[in-house]
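Accompanying notes for the structure given below.
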2 protein chains.
Amino acid sequence: MIMSRIEAPRPAGTAGSGTLVDRLRAGLPTEAVLTDPDVAASYANDMASFCPAGTPAVVVLPRTVEQVQHVMRTATGLRVPVVPQGARTGLSGGANASDGCIVLSLTRMRRILEIDPVDRIAVVEPGVVNADLSRAVHEHGLYYPPDPSSWETCTIGGNIGTASGGLCCVKYGVTAEYVLGLDVVLADGRLLSTGRRTAKGVAGYDLTRLFVGSEGSLGIVVRAVLALRPKPPEQLVLAAEFRSAAEACDAVCRIMAGGHVPSLLELMDRTTVKAVNDLAHMGLPETTEALLLAAFDTPDPAADLAAVGALCEAAGATQVVPADDAAESELLLQARRLSLTALEAVKGTTMIDDVCVPRSRLGDLLEGVERIADVHGLTIGVCAHAGDGNTHPTVCFDAQDPDESRRARESFDEIMALGLELGGTITGEHGVGVLKKEWLAREIGPVGVDLQRQIKQVFDPLGLLNPGKLF
Amino acid sequence: MIMSRIEAPRPAGTAGSGTLVDRLRAGLPTEAVLTDPDVAASYANDMASFCPAGTPAVVVLPRTVEQVQHVMRTATGLRVPVVPQGARTGLSGGANASDGCIVLSLTRMRRILEIDPVDRIAVVEPGVVNADLSRAVHEHGLYYPPDPSSWETCTIGGNIGTASGGLCCVKYGVTAEYVLGLDVVLADGRLLSTGRRTAKGVAGYDLTRLFVGSEGSLGIVVRAVLALRPKPPEQLVLAAEFRSAAEACDAVCRIMAGGHVPSLLELMDRTTVKAVNDLAHMGLPETTEALLLAAFDTPDPAADLAAVGALCEAAGATQVVPADDAAESELLLQARRLSLTALEAVKGTTMIDDVCVPRSRLGDLLEGVERIADVHGLTIGVCAHAGDGNTHPTVCFDAQDPDESRRARESFDEIMALGLELGGTITGEHGVGVLKKEWLAREIGPVGVDLQRQIKQVFDPLGLLNPGKLF
């Protein structure tokens, strides 16, 4: 990752920021208002490369809904932009500060308020860490599926803001499918409750889903009712090696057309496998062009893996290795989870794309990415949630080399163009943020942009919430 | 059902309707524009009781997207309201005509455009009948779960408009979870594409979900990309008899807390069981106070039914009878599907409520409904998608008896009030329409109403789309 450009912090207390800070302090405890310029600067950006970030005027860390309302009323009164933040693990600059903004960090609102095994719901504050919730519900025999790679640090509020995915989605879907209801503080400080805590409900427009994936641009989520599932059996993983990415993609199509429902179906290309071995000496097979990982958490996972293994062989797999037990399965998943970190180590910096295509077009996308890498003389490793058609082509480059940086950016854009051409989307799970805002319009078209802007206007008429993102 | 009040049709061609019809005919084939007053009147209402309906000026039945655009441009040009309709099987008056409106029936746009087993999607026009789609995808080894009771006649467009549920929802969720993308003709005739045909996608606000359940008030859905699942094994059903509704509800809680995932978990109270026997002589056990039906479509349904049967016995079931095979299972489901028709036969007319509560409060709701029936001296049968906490308390009354009709309406409202008190919603799957519009505001509150009205304004600034519904 490269650090985003951050302008030199201005001394606190100038140009009205005294007023702002004083007003914020009137409704917040002392320790909840951070004005030290170095501290504020440390909240400037998330984990995306190439995204500009400004310098916050102040960082606030409320603990209650009332405190969030106070922040929003103050911001509206003084017309100061507000950038909501979770753990800042995002990959699109969606949480990057703008100059003079209030950074509103929700990380201290981290209580799990309720877990109910009969209604199969959890009620949480936005700052709860994904893994903390997952572990807490496990103790009740329950399961909260969404599992972004950053699950050990990312927050539920951030997951809701970006409608995060993860490895489980091929069977269990994305964050959006687990959000039943929300409490949201609006730009003007009013509190809105959306949705429900029941299994079903169709009273009025679905505002809950409008907030999910809205990247903090419509309101501040302060409470969420989440759907849970019963904990499934431990999953068992299989690894299959292929002589080409095309064969691996063919296997994916055969598996899905065959009616299988794997709990995970991931692909790592040769570049990614090598990068993981270089970083962690995991002994993955470097002779393979593509490694496919499939898992089942069914009552008889070994039988399902055998059926899927046969389909892999029919598609040309040179080797199919089912894990013997949970420990071996976990090792394979660790390799997959290390992919992005490993690719980052290749040349120091990465740009991580997030193109999702219909899974029948996955082979075309990977072939295209290879071509793009060749044309630009770049290393682009691909790991993919193959069962979803969701790929993360990751451009590895030296940020100190201006020419390579330029080519990296160009190839990144070409991959999105290819994704759209193949009937896909520019972002399967990472969001638009700053990184892809020029691309959003290409995907949703002028009528879509017009309506989305008007909806933004309904919720945030002064344009104070996370300005400069999405559009 | 009672027929809704329909005002005497006015002669066509008066007061500008000539202009309207002429303009419509300029872009539609002759047979697609119906002006005969008797014919037009036959399109006045859906299947809800107690909902006012007006007289349409004209009924149009377009076959193409361009024809729908022509209708909307004409309507906007002349400021004529448009009421979109599917099969008019709705139960809330959401498709009822208003005086002088254009009824826009989508029933002739009924092509299944695509079924793809690799991408697991279907692309359909809005007039496709639910059962036709279900059968067509079955032939490809696929499954489209949403199954409203009216599935043999209701259309996918109508299902999308009301975000319909059905019997399968306890395992498979509602219509909303199967709509990936939409083509929508807006009030002014512009064509909007929302969503995607990929498994994942987070580019911009989720407009797709905003349209689902919007009851035709935001735009005209002319094409939908639907998610499919692999066809599961045939389900096996179990019937359990209880001495009280409370015990049956306790069994539901035990089943869900036990981590089971039935493909169906339905409850019929004594009144409903008796009504079904009276109508169809099915030999259901009339000594029971509550009959619970549970089903599994897992690899080993008999084992799952045995576990659930034991939980029913622990909750006090007097008898637990698992079906031996698919045919016996189907008979039990037929009894359940007959419930509403059977209750209608009791006194000639019914009001069907649709309150959904957290399933842990199901027992409280049923107890309350019994109390309300007693107080008003009414017969109220309850069938329920118990696993979802979604109940259909059905008030049986004689519409010729004004006093009984008044008490019916009062009890109907009291049931909704009780549902809200128990943390539930006024509508789990039938929608707001005309029937519950006064109740919507009670559920979503003034901030919610304010925002919903503003969203309506964005999509339909002239207020021409399905006026008088929802708000």
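The values are calculated or read from the model by the stated rules, or taken from the named source; none is laboratory data. Values in this document were obtained by computation on a predicted structure and should not be read as measured data. Here the Cβ is made from the backbone with ideal geometry for all residues, glycine too, and neighbour counts use every protein chain on show.
Inspect the stretch B:383-399 for any residue being within 14 Å of chain A (Cβ to nearest Cβ), small (Gly, Ala, Ser) and surrounded by fewer than 24 Cβ atoms within 10 Å (Cβ to Cβ) and give the result as yes or no. So far as the stretch B:383-399 goes, no, none of its residues is within 14 Å of chain A (Cβ to nearest Cβ), small (Gly, Ala, Ser) and surrounded by fewer than 24 Cβ atoms within 10 Å (Cβ to Cβ). Condition test on B:Gly283, is it outside any strand (DSSP E or B), modelled with pLDDT of 95 or more and more than 10 Å from chain A (Cβ to nearest Cβ)? No. Reported count of residues in the stretch A:135-149, each being assigned to a loop (DSSP other than H, G, I, E, B) and within 11 Å of another protein chain (Cβ to nearest Cβ), is 2.
Could you check, for the stretch B:437-459, whether at least one of its residues is within 24 Å of the chain's Cα centre (by Cα), within 28 Å of B:Asp147 (Cβ to Cβ), away from chain A (no Cβ under 14 Å) and among the β-branched types (Val, Ile, Thr)? No - not one qualifying residue is present in the stretch B:437-459.
Within the stretch B:150-159, the set of residues being touching a residue at least 24 places away in the same chain (Cβ under 8 Å) and either within 10 Å of another protein chain (Cβ to nearest Cβ) or hydrophobic (A, V, I, L, M, F, W, C) (or both) comprises B:Cys154, B:Ile156. Restricting A:Glu241, A:Glu234 to those that are more than 19 Å from the chain's Cα centre (by Cα), away from every other protein chain (no Cβ under 12 Å) and assigned to a loop (DSSP other than H, G, I, E, B) reduces the list to A:Glu234. Screening B:Asp119 on (1) farther than 30 Å from B:Glu330 by Cβ; (2) surrounded by fewer than 22 Cβ atoms within 10 Å (Cβ to Cβ); (3) charged (D, E, K, R); (4) within 11 Å of chain A (Cβ to nearest Cβ) shows it passes everything except condition (2).
In the stretch A:324-336, the residue that is surrounded by the most Cβ atoms within 10 Å (Cβ to Cβ) out of those that are more than 19 Å from A:Glu289 (Cβ to Cβ) and within 19 Å of the chain's Cα centre (by Cα) is A:Leu333. Restricting A:Ala323, A:Ala310, A:Ala315, A:Ala302 to those that are in the same structural domain as A:Val369 (by TED's automatic domain parsing) and in contact with an Asp or Glu (Cβ under 8 Å, 6 or more places away or on another chain) reduces the list to A:Ala315. Select from the stretch A:420-436 the residues that are within 15 Å of the chain's Cα centre (by Cα) and within 9 Å of chain B (Cβ to nearest Cβ) and list them in ascending order. Selection gives A:Thr425, A:Ile426, A:Thr427, A:Gly428, A:Glu429, A:His430, A:Gly431, A:Val432, A:Lys436. Residue count for the stretch B:256-280 satisfying the condition of being assigned to a strand (DSSP E or B) and within 13 Å of chain A (Cβ to nearest Cβ): 1.
Does the stretch B:97-113 contain at least one residue that is under 13 Å from the mean Cα position of the chain (by Cα) and at pLDDT 95 or above? Checking the stretch B:97-113: not a single residue is under 13 Å from the mean Cα position of the chain (by Cα) and at pLDDT 95 or above. Put simply, of B:Ala199, B:Ala187 the only residue that is within 12 Å of chain A (Cβ to nearest Cβ) and closer than 21 Å to B:Asn466 by Cβ is B:Ala187.
In the stretch A:298-315, the residues that are away from every other protein chain (no Cβ under 14 Å) reach residues that are of a type in the set (D, E, K, R) and part of a helix (DSSP H, G or I) with C-beta atoms within less than 7 angstrom, at least six apart or across chains, in these pairs: A:Ala314/A:Arg254.
Out of all the residues in the stretch A:299-310, is one or more closer than 30 Å to B:Asp304 by Cα and within 28 Å of the chain's Cα centre (by Cα)? The answer is no; no qualifying residue exists.
When each of B:Leu210, B:Leu192 is tested for being in a strand (DSSP E or B), in contact with a helix residue (DSSP H, G or I) (Cβ under 9 Å, 6 or more places away or on another chain), within 27 Å of A:Val432 (Cα to Cα) and aliphatic (A, V, I, L, M), the lone residue that passes is B:Leu192. Scanning the stretch A:337-353 for residues that are surrounded by 22 or more Cβ atoms within 10 Å (Cβ to Cβ) and in contact with an Asp or Glu (Cβ under 6 Å, 6 or more places away or on another chain) gives a single hit, A:Thr350.
Scoring A:Asp22 on the criteria (1) assigned to a helix (DSSP H, G or I); (2) within 14 Å of chain B (Cβ to nearest Cβ); (3) farther than 15 Å from A:Leu465 by Cα leaves a single failure, condition (2). Candidates are the residues of the stretch A:409-426 that are over 14 Å from A:Ala48 (Cα atoms) and touching a strand residue (DSSP E or B) at 6+ places or on another chain (Cβ under 8 Å); the one that is surrounded by the fewest Cβ atoms within 10 Å (Cβ to Cβ) is A:Ser411. There is at least one residue in the stretch B:160-171 that is more than 11 Å from every other protein chain (Cβ to nearest Cβ), touching a residue at least 24 places away in the same chain (Cβ under 8 Å), surrounded by fewer than 24 Cβ atoms within 10 Å (Cβ to Cβ) and assigned to a loop (DSSP other than H, G, I, E, B). Within the stretch B:357-368, is even one residue away from every other protein chain (no Cβ under 14 Å), more than 23 Å from B:Ile444 (Cβ to Cβ) and surrounded by fewer than 20 Cβ atoms within 10 Å (Cβ to Cβ)? So far as the stretch B:357-368 goes, yes, one or more of its residues are away from every other protein chain (no Cβ under 14 Å), more than 23 Å from B:Ile444 (Cβ to Cβ) and surrounded by fewer than 20 Cβ atoms within 10 Å (Cβ to Cβ).
With respect to the conditions (1) buried (at least 21 other Cβ atoms within 10 Å of the Cβ); (2) part of a strand (DSSP E or B), B:Val321 falls short on a single one, namely (1). Remark: A:Glu114 falls outside the filter, which requires a residue to be more than 8 Å from chain B (Cβ to nearest Cβ), charged (D, E, K, R) and either part of a loop (DSSP other than H, G, I, E, B) or surrounded by 23 or more Cβ atoms within 10 Å (Cβ to Cβ) (or both).
For the stretch B:216-231, a residue qualifies if it is basic (Lys, Arg) and either under 30 Å from B:Gly94 (Cα atoms) or not in a loop (DSSP other than H, G, I, E, B) (or both), and the qualifying residues are B:Arg223, B:Arg229.
Residue-level check: of (1) at the interface with another protein chain (Cβ under 9 Å from one of its Cβ atoms); (2) touching a Lys or Arg at 6+ places or on another chain (Cβ under 9 Å); (3) over 15 Å from B:Pro126 (Cβ atoms), B:Leu207 misses just (2).
Of all the criteria given as (1) surrounded by 21 or more Cβ atoms within 10 Å (Cβ to Cβ); (2) at pLDDT 95 or above; (3) touching a strand residue (DSSP E or B) at 6+ places or on another chain (Cβ under 9 Å), the one not satisfied by A:Ser193 is (1).
In the stretch B:267-275 there is no residue that is among the hydrophobic types (A, V, I, L, M, F, W, C) and surrounded by fewer than 24 Cβ atoms within 10 Å (Cβ to Cβ).
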